[in-house]
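To keep things clear, I will list the structure first and then write my remarks on it.
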Amino acid sequence: MSIDASLDPSLDTSLVKSISHRTPDTDDQYRALLRSLRRRKGFGLIFIQAAPAKATELIAQVRQDLPQKHIEVLQLEQPIDKLLPLIEQLPDRDKINILFIQGIERSLTDYIRPGYGGQGDYYTLDTVPPILSHLNQQRDSLRDRFPHLCFVFVLPRFALKFFIHRAPDFFDWRAGIYDFPSDGEILMQSSEQVLAAGDYNQYLSLSHAERLDQIHAIQALLDEPSLPVDKRVSLWLEQGLVWAVDRAYELALTCFNQAIHYKPDYHEAWNNRGVALSDLGRKEEAISSYDQALAIKPTLHEAWYNRGNALSDLGRKEEAISSYDQALEIKPDKYNAWYNRGDVLQELGRYEDALASYDRAIALKSDYHFPHKSRGTVLMQLGRYDEALTSFDCAIALKPDYATAHYDKARCLAHQGNIAATVETLQQAIALKPDYRDLAQMEADFDRVRSDERFQSLIEA
């Protein structure tokens, strides 16, 4: 995504040219930056567009080439709302001539939203990130309190867009903008590092802040005009995965659409796009996306499985079973497909078939608590109460806070007329999920014990 193609047309032409990827040679840019820093005496604002790896290299070179200047770096590791207090806390700040500021993009990533046409034009929103509002308002204070300091903001391209559009008062005071695209080798290395840093399961273990760190690292690479297409495609997919884990499904969808734009036959992107659409409740569109993935790669078991889930949600149960069967033909050990298939069969009243599916799921993954509970529910429907209780106990042993398993076990005990155990188990279910108290009042499975004072005392408490 090139920065110049999406700039506000109202910006002056010189600005557009200065931050376009059509910049002069990098050596010329560096010489111009060095001249500006060498001549500057006192306050100034300079903006450098560079990816983190390139920025580190650049700052080291400036230190070497300007030994007469006292140069420091303020590295921001966490999001901030205010910059001035941090500058006040710097040791020997009155002796500093040039202060490079890195990491301010961490304060902007949380404001990324899907843009017009899915192009990620998040910087055009009316919402102003607090750090940019602070800089807009404190521009004069920054100059008056630090008249000896030249501030050099080192930003990835997406963060520079934020400054242009959401901090115009502050940005208007710029003394220069310098663009340093990463060279091909650095881009390749950085891309590989980011892509190797995690996968879907690893992203699940990260905090929201850690996911945002990964997102802005990816975005910085995506904004590099010279990024090879194959890496661009992989990074869009990766960013979509991070957003999906963070439950930002619209943003995930935008990323998967971008991956497909660059590689229309990317079956993984079509599949993941379907998942995002399904999470947004757009089931029919999700199925179409899975169909696209399967047209490209008919053996993609994930797409068959996800398609089955979407069809089931739409009430198209027989079609859902067919999709699960396709997934299982390709990958017979896909335990979650056996489990979901069992649930659909149970809903259709095909209890023996459902039991067989649950048994397959349990045989493949015995510590998977869901099929144990569902197996118990089917056995209860068949009147096989002792077997049902064994299954409920297995589910509870695996997940003691599994409220539904406690509740269904209480229903089963009620069928056996075991009032003491029913009340005790129902009490555990209610403690985990208070809604079960009201549900129990209407549950026909409790009719056999309903008149007992102990049961009445519990549900009326």
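The values are calculated or read from the model by the stated rules, or taken from the named source; none is laboratory data. The shown structure was predicted, so the numbers you read here are calculated from the model rather than taken from an experiment. Glycine gets a Cβ as well: all are built from the backbone with ideal geometry, and neighbour counts include every protein chain shown.
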| said: Can you tell me which of (1) among the hydrophobic types (A, V, I, L, M, F, W, C); (2) outside the structural domain of residue 80 (by TED's automatic domain parsing); (3) within 25 Å of residue 27 (Cα to Cα); (4) at pLDDT 85 or above is the one residue 153 doesn't meet? | reply: (2)
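Taking residue 268, is it under 21 Å from residue 202 (Cβ atoms) and either assigned to a helix (DSSP H, G or I) or under 18 Å from the mean Cα position of the chain (by Cα) (or both)? Steps first, answer last, please.
On the way: under 21 Å from residue 202 (Cβ atoms): yes; either assigned to a helix (DSSP H, G or I) or under 18 Å from the mean Cα position of the chain (by Cα) (or both): yes.
For residue 268, the condition - under 21 Å from residue 202 (Cβ atoms) and either assigned to a helix (DSSP H, G or I) or under 18 Å from the mean Cα position of the chain (by Cα) (or both) - is met.
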| Any chance segment 256-279 includes a residue that's of a type in the set (Ser, Thr, Tyr), crowded, with 17+ Cβ neighbours inside 10 Å and touching a Gly at 6+ places or on another chain (Cβ under 8 Å)? | no
| query | Of these, 337, 395, which one is within 29 Å of residue 286 (Cβ to Cβ) and at pLDDT 95 or above? | reply | 337
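Has segment 214-221 got at least one residue that is buried (at least 19 other Cβ atoms within 10 Å of the Cβ) and either over 19 Å from residue 244 (Cβ atoms) or more than 16 Å from the chain's Cα centre (by Cα) (or both)?
Within segment 214-221, the subset buried (at least 19 other Cβ atoms within 10 Å of the Cβ) is 214-221.
Among the residues that remain, those that are also either over 19 Å from residue 244 (Cβ atoms) or more than 16 Å from the chain's Cα centre (by Cα) (or both) are: 220-221.
Looking through segment 214-221, at least one residue is buried (at least 19 other Cβ atoms within 10 Å of the Cβ) and either over 19 Å from residue 244 (Cβ atoms) or more than 16 Å from the chain's Cα centre (by Cα) (or both).
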| If we scan segment 70-83, do we find a residue that is farther than 30 Å from residue 194 by Cα, assigned by TED's automatic domain parsing to the domain that holds residue 159 and in contact with a Leu (Cβ under 8 Å, 6 or more places away or on another chain)? | no
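Which is touching a Ser or Thr at 6+ places or on another chain (Cβ under 9 Å) and either β-branched (Val, Ile, Thr) or free of Cβ contacts under 8 Å to residues at least 60 places away in the same chain (or both), of 212, 235, 206?
Working: 212 fails: either β-branched (Val, Ile, Thr) or free of Cβ contacts under 8 Å to residues at least 60 places away in the same chain (or both); 206 fails: touching a Ser or Thr at 6+ places or on another chain (Cβ under 9 Å).
Among 212, 235, 206, only 235 is touching a Ser or Thr at 6+ places or on another chain (Cβ under 9 Å) and either β-branched (Val, Ile, Thr) or free of Cβ contacts under 8 Å to residues at least 60 places away in the same chain (or both).
I'd like the full set of residues that are touching a residue at least 24 places away in the same chain (Cβ under 8 Å) and part of a helix (DSSP H, G or I), limited to segment 397-409.
Let us first name the residues in segment 397-409 that are touching a residue at least 24 places away in the same chain (Cβ under 8 Å), namely 398-399, 401-409.
Hits for segment 397-409 are 398, 403, 404, 405, 406, 407, 408, 409.
Here's the yes/no breakdown for (1) outside any helix (DSSP H, G or I); (2) free of Cβ contacts under 8 Å to residues at least 12 places away in the same chain; (3) over 25 Å from the mean Cα position of the chain (by Cα); (4) crowded, with 24+ Cβ neighbours inside 10 Å:
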site	(1), (2), (3), (4)
303	no, no, no, yes
307	no, no, no, yes
312	no, no, yes, no
323	no, no, yes, yes
326	no, no, yes, no
329	no, yes, yes, no
336	no, no, no, no
341	no, no, yes, yes
349	yes, yes, yes, no
| Exactly one of (1) surrounded by fewer than 15 Cβ atoms within 10 Å (Cβ to Cβ); (2) outside any loop (DSSP other than H, G, I, E, B); (3) modelled with pLDDT of 90 or more is unmet by residue 148. Its number? | (2)
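When you scan segment 370-384, how many residues do you find that are surrounded by fewer than 18 Cβ atoms within 10 Å (Cβ to Cβ) and part of a helix (DSSP H, G or I)? Don't jump to the end; show me each part of the working.
Our first condition is that a residue be surrounded by fewer than 18 Cβ atoms within 10 Å (Cβ to Cβ); within segment 370-384, this holds for 381-384.
From the residues that got through so far, the ones that are part of a helix (DSSP H, G or I) too are 381.
Summing the residues that are surrounded by fewer than 18 Cβ atoms within 10 Å (Cβ to Cβ) and part of a helix (DSSP H, G or I) in segment 370-384 gives 1.
Condition test on residue 207, is it of a type outside the set (Val, Ile, Thr), surrounded by fewer than 23 Cβ atoms within 10 Å (Cβ to Cβ) and closer than 16 Å to residue 156 by Cα?
no
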| note | Taking segment 238-288 and keeping only residues that are more than 18 Å from residue 112 (Cβ to Cβ) and among the basic types (Lys, Arg), one is left with 263, 273, 282, 283
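In this structure, is residue 361 within 28 Å of the chain's Cα centre (by Cα), among the small types (Gly, Ala, Ser), crowded, with 22+ Cβ neighbours inside 10 Å and part of a helix (DSSP H, G or I)? Write out each step before concluding.
Details: within 28 Å of the chain's Cα centre (by Cα): no; among the small types (Gly, Ala, Ser): yes; crowded, with 22+ Cβ neighbours inside 10 Å: yes; part of a helix (DSSP H, G or I): yes.
Here the answer is no, as residue 361 does not meet what is asked.
To keep it simple, each residue is scored yes or no on (1) assigned to a helix (DSSP H, G or I); (2) closer than 18 Å to residue 142 by Cβ; (3) in the same structural domain as residue 193 (by TED's automatic domain parsing).
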| residue | (1), (2), (3) |
| --- | --- |
| 62 | yes, no, no |
| 85 | yes, yes, no |
| 90 | no, yes, no |
| 94 | yes, yes, no |
| 100 | no, yes, no |
| field | Search result, residues across segment 164-200 that are more than 17 Å from residue 52 (Cβ to Cβ), modelled with pLDDT of 85 or more and out of contact with any Ser or Thr (no Cβ under 7 Å at 6 or more places or on another chain) | value | 164, 166, 167, 168, 169, 170, 171, 172, 173, 174
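I need the full set of residues from segment 412-421 which are surrounded by fewer than 24 Cβ atoms within 10 Å (Cβ to Cβ), part of a helix (DSSP H, G or I) and either in contact with a Lys or Arg (Cβ under 8 Å, 6 or more places away or on another chain) or in contact (Cβ under 8 Å) with a residue 12 or more places away in the chain (or both), in order please. Give the derivation first.
Restricting attention to segment 412-421, the residues satisfying the condition of being surrounded by fewer than 24 Cβ atoms within 10 Å (Cβ to Cβ) are 415-421.
Of the ones still in play, those that are also part of a helix (DSSP H, G or I) are 415, 419-421.
Scanning segment 412-421 gives 415, 419, 420.
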